[in-house]
Amino acid sequence: MYDLKTIARRAIAALDLTNLNDDCTDQDVRDLCMRALTPHGTVAAVCIWPRFVPTARTALGGGGLRIATVVAFPGGDDDAATVRDMTQTAVADGADEIDMVIPYKSLIEGHPELVPAAVARVKDAAGAAQVKAILETGVLGDAAHIRRAAELAIEGGADFIKTSTGKVPLNATPEAARIMLEVIAASDREVGLKPAGGVRTVEDAGVYLDLCDEIMGQGWATPAHFRIGASSVLDVLLATLDGKSTAVGEGY
């Protein structure tokens, strides 16, 4: 593992700074956008509810910070037409990235064909925007389901595969991330990884960076291929770089 300051710098650059709280407001989103522009560099993206994309776009102006939003979230079983319309509206409003939840319950129930179909529909609706497919690995549970979900999401055209919504008891784990990276390494497409939920310390971030370096090679885990979905971990990362106490963060 790298030293903590190196990990913190790499993690900030890869961070999707997230507010998917049910009580989120326009002011919360504006504050999130300002937090994203740190003294130690800009995070990769802000991740917010679709209704706040215009607020974020106005707050960020013409800056280079990317805006991510979510569809079929958090259950993965929303009506297909609704998901398509929400995706198209979000992109028109200024979203650069769409984080979608795959129909993981259908996979568990024995209908795997619904997963690539759902990803392909969102990919088509998203146009030039990137699509991150959320597998909800903590609910899928066993390694075989996680591996199959990753394969199917990539088959559907996902640009990233993401562990979790952050809305279930078990979210990102190193074990799930390892399986997902193995699937990415075996695929014939350029696909990224996003662990989300439960990344609360510099050491947590370091575990995922180490996995990327081990499986994908040194230099792969840049924002183009690797993201971390989190909120308050940013404070911990900044405190590390500022030489302050690194208390454990809370939340998604």
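Bear in mind these aren't lab numbers, they're just calculated from the coordinates by the rules spelled out. In this text, all values refer to a predicted model and were calculated from it rather than measured experimentally. Positions of Cβ are backbone-derived with ideal geometry, glycine not excepted, and every protein chain shown enters the neighbour counts.
With the convex hull built on the Cα atoms of region 39-118, state its orientation-averaged projected area in nm².
Seen from a random direction, the Cα hull of region 39-118 projects 6.3 nm² on average.
Give me a comma-separated list of calculated 3J(HN,Hα) values for region 40-48, in order, Karplus coefficients 6.51, -1.76, 1.60 applied at θ = phi - 60°, integers in Hz, x for any Gly or Pro.
The phi angles translate into 10, x, 8, 5, 6, 6, 9, 10, 9 Hz.
Mind checking the full-extension length gain between Glu175 and Thr82? Use 0.36 nm per residue of separation minus the Cα-Cα distance, one decimal, nm.
30.2 nm
Would you please classify the overall shape of region 7-143 from the alpha carbon gyration tensor, given that a ≥ b ≥ c denote the square roots of the eigenvalues, rounded means a/c under 1.5, and beyond that prolate means a/b larger than b/c while oblate covers the rest?
prolate
For each of Thr18, Thr69, count neighbouring Cβ atoms within 10 Å of the residue's Cβ, then give the residues from fewest to most.
By the 10 Å Cβ count, ascending, the order reads Thr18, Thr69.
Of Lys123/Lys194; Lys167/Lys194; Lys194/Lys244; Lys167/Lys244; Lys5/Lys167, which pairs sit farther than 24 Å apart, going by alpha carbon to alpha carbon?
Lys194/Lys244; Lys167/Lys244; Lys5/Lys167
Measure off 7 Å from each Cα along the Cα-to-Cβ vector at Asp242 and Thr6, then give the distance between these two points in nanometres to one decimal.
If labels sit at Asp242 and Thr6, their model points lie 2.5 nm apart.
Does anything in region 181-205 have its amide N under 20 Å from the 7 Å Cα→Cβ label point of Arg51, and if so which residues?
Inside the label zone: nothing.
If the label point is 7 Å along Cα→Cβ of Glu182, which residues in region 105-121 have backbone nitrogen under 20 Å from it?
What the label zone holds, given the 20 Å backbone N cut-off, is 108.
Could you pull out the GluC sites (Glu not before Pro) across region 96-164 that fall in loop regions by DSSP (anything but H, G, I, E, B) with no more than 16 other Cβ atoms inside 10 Å?
Passing sites in region 96-164 are Glu109, Glu113.
What's the magnitude of the charge dipole for the chain around its Cα centre, counting Lys and Arg as +1 and Asp and Glu as -1 at the beta-carbon? Answer in Debye, nearest 20.
In total the dipole reaches around 440 debye.
Mean residue ellipticity at 222 nm from the helices of the chain, using -39,500 (n - 2.57) per DSSP H segment of n ≥ 4 over the full residue count, to the nearest 500 deg cm²/dmol?
Using -39500 (n - 2.57) per qualifying helix, the result is -13500 deg cm²/dmol.
What shape does the chain take by its C-alpha gyration tensor, where a ≥ b ≥ c are the square roots of the eigenvalues and a/c under 1.5 counts as rounded, a/b above b/c as prolate, and the rest as oblate?
It is oblate, given that a/c is not under 1.5 and a/b is not larger than b/c.
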